[in-house]
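The values are calculated or read from the model by the stated rules, or taken from the named source; none is laboratory data. Not measured: the values here are computed from a predicted model. Neighbour counts run over all protein chains shown; Cβ positions are idealised from the backbone, glycine included. For accessibility, only protein heavy atoms count, side chains too; no ligands or nucleic acids. Shrake-Rupley method; radii C 1.70, N 1.55, O 1.52, S 1.80 Å.
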Amino acid sequence: MTGGTVALAFSGGLDTTVCVPLLKEEYGYDDVIGVTVDVGQPDAEFAEARETADALGVEHHVVDAKADFADRCFDAVQANASYQGYPLGTALARPVIAGAILDVAEQQGCTALAHGCTGKGNDQLRFEAVWRASDLEVVAPVRELGLTREWEIEYAAEKGLPVEAGNDGEWSIDTNLWSRSVEGGQLEDPGYEPPADIYDWTDAPGSETETVTIEFEAGVPVAVDGDAMEPVPLVEYLNDLAGSYGVGRTDMMEDRMLGLKVRENYEHPAATTLLTAHEALEQLVLTTEEREFGEQISQQWSEKAYEGLVDHPLMDALEGYLGATQQKVTGTVTVKFEGGQARPVARESEYAVYSADAASFDTETVNGIEQADATGVAKYHGFQSRLANASKPELAADGGSEADDGLPSGDEDSDE
Ligand code: ARG
């Protein structure tokens, strides 16, 4: 009944492979094209996608979106973005992937878009938030047909589909430039300590240390140790370097959008390094109030990014704030890799909101202000609490008597 061509977000894994015949048999599309978007996955994933598409006889497109994705990661740096401690790799990548697939679908005259996400995760929502803003039809076979892995494996065997056990190993892994996520299998038990072999980007922290200097221009990392670098190689370089010192591991319980809690493990050495350095530079150049308000901006930006709502008007408004503050976030920060941590150890900026003289114990008078000038401030400090405490109402004697005990009181006779 449906007809037309559907563009499928294609990885060559079990889910997207079984989607190919199902989109024809169950949904009635005439043709399926597979689209794989490069956001920095390992080469083996592209080889797998290509080979599987060939074996299925499906037209396959690969789109290089690494540069767009790296820019998005640097927006996240400007926003000091993390969701519950996770620097958002998968969440940042999905809208970029969805947008690139939509472009291919429109160029190829497709009438529909499909993904192989289940009905339990976040990714279905992120893909569809982008796709449903277009006029194309959106279908999600795995979710809509209620498929289980077991059913998929049987179906693939029956149909002779090219699924190799290789990809679908012990863990479910999602890799891009910004983070590597490992979940599923035994890791679903929150009480199970991850074995060393889940890690691929990070070595176990040793006793060696190293320092690296990151240069920022308007909140964006532009150079490492004095060498100007484009975003993609800069992130790749820091993933390698910081990863070799065991920097950027997270093991957490994460609250998904649908309300489910999941156990997640992440590796994100470059993200940790750059976020740490960026925040250290903000400490130097932004005022107290800008930093405090910036925390709320960061929280909101991170939540919307986690939800994949990149086109939300609030996002534009938040980025307006960042546009204003980030102009000053220009300078360098030296970060030390030590004990699996990235720690800022030096910072410099022409926009520093800092007067060494004013803060020093050794200087008498700065800008006409001397120590003794603080006496008036000290007299007023706490004035309202002193007034409030002096006129505090007495608490009711019954019921609240225990809470009463420790409180100073002007009246001594009310304690029975
Ligand atoms: N929970 C993370 C997110 O929603 C990452 C999920 C990655 N998927 C995976 N199969 N490892 O952003």
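Points to keep in mind about this one:
- Sole residue being open to solvent by less than 30 Å² (accessible area, probe 1.4 Å), closer than 23 Å to Val329 by Cα and more than 13 Å from the ligand (Cβ to nearest atom), chosen from Leu241, Leu274: Leu274
- Count of segment 142-195 residues which are within 16 Å of the ligand (Cβ to nearest atom), modelled with pLDDT under 95 and open to solvent by 80 Å² or more (accessible area, probe 1.4 Å): 2
- Selection count, segment 120-138, where residues are outside any helix (DSSP H, G or I) and open to solvent by 40 Å² or more (accessible area, probe 1.4 Å): 5
- Among the residues listed as Ala91, Ala105, Ala67, Ala81, the single one being open to solvent by less than 10 Å² (accessible area, probe 1.4 Å), in a helix (DSSP H, G or I) and either in contact with a helix residue (DSSP H, G or I) (Cβ under 7 Å, 6 or more places away or on another chain) or of a type in the set (S, T, N, Q) (or both): Ala91
- Subset tally (residues that are within 15 Å of Gly13 (Cβ to Cβ), open to solvent by less than 70 Å² (accessible area, probe 1.4 Å) and either charged (D, E, K, R) or modelled with pLDDT under 95 (or both)) for segment 28-54: 2
- Test: residue in segment 331-344 that is open to solvent by less than 40 Å² (accessible area, probe 1.4 Å), hydrophobic (A, V, I, L, M, F, W, C), under 30 Å from Asp203 (Cα atoms) and within 16 Å of the ligand (Cβ to nearest atom): no
- Just one of (1) surrounded by fewer than 24 Cβ atoms within 10 Å (Cβ to Cβ); (2) within 16 Å of the ligand (Cβ to nearest atom) fails for Leu284. It is (2).
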